[in-house]
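The values are calculated or read from the model by the stated rules, or taken from the named source; none is laboratory data. Just so it is clear, the model here is predicted, and its values are computed rather than measured. When we count neighbours, we look across all protein chains shown, and the Cβ atoms used for this are built from the backbone with ideal geometry, even at glycine.
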Amino acid sequence: MQPTGVDDADITGWALAARAGDRAAAAAFIRTTQHQVHRFLGHLVDRHVVEELTQETYLRAMRALPRFTGRSSARTWLLAITRRVANDHSRPIRTSDRRRGFRSEILPYRTGILTPAESITAPAGRGHDGEADDTVLLRGLLDTLVRERREAFVATQVLGLSYAEAAEVCGCPVSAVRSRVAGARADLVTALTAQGDRTTAQGDRTTAS
């Protein structure tokens with residue numbers, strides 16, 4: 001989801017202007033993309049590190065801006081960086097290495113600006129931490145997917161990217177994205193069916209007791 005009235009051309013234009021040193025353009029670029037970055041990370045890593053890795057994503061993006069030429073959209077370029085940040089997080093990288101060089105006056109991102117990733121299903125209730133029950137279920141199901149399938153599914157079905165855009169983000173052919181999304185759907189159906197069977201069995205035991 002992007003802010004109303006903002007398209008990829010606007011975002012790419014701001015990125016190119018930021019590359020030339022326009023600080024207002026840099027702020028606009030971050031402001032209009034941070035929701036998707038945060039949401040993408042929210043489905044790829046543990047929730048308690050999402051905000052830290054969002055900062056790391058923009059730190060890397062600002063460092064890489066001199067090499068951004070605009071041949072692809074700035075949004076897909078940024079989400080590809082986001083994916084790499086998420087993957088790097090699983091490796092033994094020191095926190096000091098991740099945050100080295102971060103300056104809050106350069107990156108207008110502060111803890112608390114962003115809300116947790118939005119539910120993509122209608123809320124049926126609230127979990128123990130106030131999150132919609134359906135959202136908790138969705139997170140649990142997505143966590144069962146292998147990394148490549150989860151990345152492709154979230155990119156296309158949650159963020160709304162085209163398969164071609166998702167291929168750029170995931171660094172693979174479009175055919176691979178299609179295959180991964182199809183595999184993810186099949187895995188989710190299997191996991192959801194198993195979840196339903198467990199719920200039914202639990203209900204039967206409760207009734208019997």
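Descriptive notes on the structure:
- Leading residue by the ranking (surrounded by the most Cβ atoms within 10 Å (Cβ to Cβ)) among those in the stretch 53-69 that are in contact (Cβ under 8 Å) with a residue 24 or more places away in the chain and within 24 Å of Glu148 (Cβ to Cβ): Thr57
- When Gly101, Gly112 are screened for being assigned by TED's automatic domain parsing to the domain that holds Val49, modelled with pLDDT under 60 and more than 22 Å from Arg63 (Cα to Cα), only Gly112 passes.
- On inspection, Ser162 qualifies as at pLDDT 85 or above and either over 30 Å from Ile81 (Cβ atoms) or touching a helix residue (DSSP H, G or I) at 6+ places or on another chain (Cβ under 8 Å) (or both).
- The lone exception for Ser72 - which of (1) assigned to a loop (DSSP other than H, G, I, E, B); (2) buried (at least 23 other Cβ atoms within 10 Å of the Cβ); (3) of a type outside the set (Asp, Glu) it fails: (2)
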